[in-house]
Amino acid sequence: AAGVIQSPRHLIKEKRETATLKCYPIPRHDTVYWYQQGPGQDPQFLISFYEKMQSDKGSIPDRFSAQQFSDYHSELNMSSLELGDSALYFCASTPPQRGGSTDTQYFGPGTRLTVL
Amino acid sequence: DAKTTQPPSMDCAEGRAANLPCNHSTISGNEYVYWYRQIHSQGPQYIIHGLKNNETNEMASLIITEDRKSSTLILPHATLRDTAVYYCIVRRNYGGSQGNLIFGKGTKLSVKP
């Protein structure tokens with residue numbers, strides 16, 4: 001079965017540079033979530049989109065922005081990168097909700113961002 | 001969403017059942033119990049979820065106590081590949097209005113030969 005695709009898988013940037021991470025949800029999934037996992041930490045929610053509109057916002061820095069496009073893929077844009085932004089970034093997607101079914105999130109393999 | 005408590009680590013012998021407990025004493029009536037696991041630096045993997053009845057799938061079984069204040073994830077025949085951090089997460093079914101997962105510390109399960 002098709003899974004969530006994230007690109008790139010690894011990214012190395014310098015401080016103050018920008019980065020764009022991409023997420024392609026499972027086909028026909030309409031909701032995308034972004035999570036950040038720092039070294040030795042648990043995943044933390046950043047932001048989510050439902051039907052191309054932002055639906056929830058977590059601990060996302062103002063330097064970060066994201067959007068969901070008409071084909072439901074999403075991009076996380078990160079500017080003025082700091083050393084502390086070095087982390088794994090996961091994207092998850094859920095299918096459309098029908099008849100009260102649960103909205104199980106399925107995760108991608110993640111993008112490892114290293115800021116030097 | 002209700003808070004969960006899990007032991008920080010557990011060991012299990014290969015081939016034996018792994019029983020991972022989770023306490024969620026403040027769970028509400030409309031909240032589900034979800035289990036995910038994360039194998040080193042990979043994306044969290046969905047395992048199973050339930051509301052009040054016990055559930056079983058090809059990966060695991062979920063036993064929820066009658067008062068729903070605790071649950072146990074059972075891996076019936078643990079293998080070395082089951083070594084991972086297991087997260088118990090309690091959340092509502094958002095059914096069209098979406099909601100993020102709140103990861104706690106989880107249980108690091110080590111399956112040993």
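Odds and ends about this structure:
- So B:Leu62, is it within 14 Å of chain A (Cβ to nearest Cβ), among the aliphatic types (A, V, I, L, M), open to solvent by 40 Å² or more (accessible area, probe 1.4 Å) and touching a Ser or Thr at 6+ places or on another chain (Cβ under 9 Å): no
- Hits in the stretch A:21-59 - residues which are among the small types (Gly, Ala, Ser), within 20 Å of A:Leu113 (Cα to Cα) and assigned to a strand (DSSP E or B): A:Ser48
- For B:Lys108, the criteria (1) at pLDDT 95 or above; (2) more than 12 Å from chain A (Cβ to nearest Cβ) hold in every case but one, which is (2).
- Near pairs, Cβ below 7 angstrom, 6+ apart or cross-chain, from the stretch A:1-20 (farther than 14 Å from A:Arg112 by Cα) to any residue that is aliphatic (A, V, I, L, M) and assigned to a strand (DSSP E or B): A:Val4/A:Ala92; A:Lys15/A:Val115; A:Thr18/A:Met78
- Residue count for the stretch B:17-30, restricted to those that are closer than 17 Å to B:Val111 by Cα, within 11 Å of the chain's Cα centre (by Cα) and open to solvent by 40 Å² or more (accessible area, probe 1.4 Å): 2
- On the stretch given as the stretch B:31-54, residues that are charged (D, E, K, R) and open to solvent by 70 Å² or more (accessible area, probe 1.4 Å) total 1.
- Candidate set from the stretch A:73-103 (those that are open to solvent by 10 Å² or more (accessible area, probe 1.4 Å) and modelled with pLDDT under 95); member that is farthest from the chain's Cα centre (by Cα): A:Gly99
The values are calculated or read from the model by the stated rules, or taken from the named source; none is laboratory data. All figures in this text were calculated on a predicted structure; none of them were measured in a lab. Cβ: placed from backbone, ideal geometry, glycine included. Neighbour counts: every protein chain shown. When the accessible area is computed, the model is the full protein with side chains, heavy atoms only, and any ligands, DNA or RNA have been set aside. Shrake-Rupley method; radii C 1.70, N 1.55, O 1.52, S 1.80 Å.
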